[in-house]
Amino acid sequence: QVQLVESGGGLVQAGGSLRLSCAASGSIFSINDMAWYRQAPGKQRELVAIITSGGATTSADSVKGRFTISRDNAKNTVYLQMNSLKPEDTAVYYCNAGVRTSWAVRSKDYWGKGTLVTVSS
C-alpha cells in the first residue's frame, strides 16, 4: 500500500558530499516522523537522523554538523544532505516513515529497500 524509494547513493571520496532522497507513495493519509537509518557491513542498523512532521530534527552524534535531514511534506519526501563524508559513513542507508493510510488507522512503520553509500579514503 505504501512504498518508500530511496535514491542518491553512490561512490564518493572522503570529504565529498551526497544528497539522498526518499519519496513515499501509495495510499497515504498522513506521514508522521521520517528518518534515515544506516547499516554498515557486520554492524547493526543505526539511526542517523529523524525529522517530525513539524520539522523538528534529531541526529546521531557521529553525523552532527555534517549531515542535515529535511523534508518536503507536499512531496512526501525526506532528504539527507551528507557533507564531509568519511570512510566510516560507508553503509546502506534506509528510509523509514510512520504512515497513516486513513484517519481510522494507526500509524505504521514503512521501510525503503536502501541505497548504498561508499566513501573511499
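A few remarks follow.
- Solvent-accessible area, 1.4 Å probe, carbon plus sulfur percent, for the chain: 49 percent
- Value of relative contact order over the chain, rounded to a whole percent, pairs C-alpha under 8 Å and six or more apart: 36 percent
- Unit charges at the beta carbon, dipole of the chain: most positive-side option, Gln81, Ala56, Leu11: Ala56
- Distance (nanometres) between label positions extended 7 Å along Cα→Cβ at Asn83 and Gln13: 1.9 nm
- Per residue accessible area of the chain, 1.4 Å probe, in Å²: 54 Å²
- The listed residues Glu46, Glu6 rank as Glu46, Glu6 when sorted by accessible area, largest first, using a 1.4 Å probe.
- Placing +1 on each Lys and Arg Cβ and -1 on each Asp and Glu Cβ, with no other charges, gives the chain a dipole about its Cα centre of roughly 140 debye.
- Cα-based convex hull volume of the chain per residue, rounded to whole Å³: 95 Å³
The values are calculated or read from the model by the stated rules, or taken from the named source; none is laboratory data. What you are looking at is a predicted structure, and each value in this text was computed from that prediction instead of being measured. Cβ coordinates were reconstructed from backbone atoms using ideal geometry, including for glycine residues, and neighbour counts include every protein chain displayed. For the accessible areas, the whole protein counts, side chains as well, though only heavy atoms, and no ligand, DNA or RNA atoms are used. Shrake-Rupley method; radii C 1.70, N 1.55, O 1.52, S 1.80 Å.
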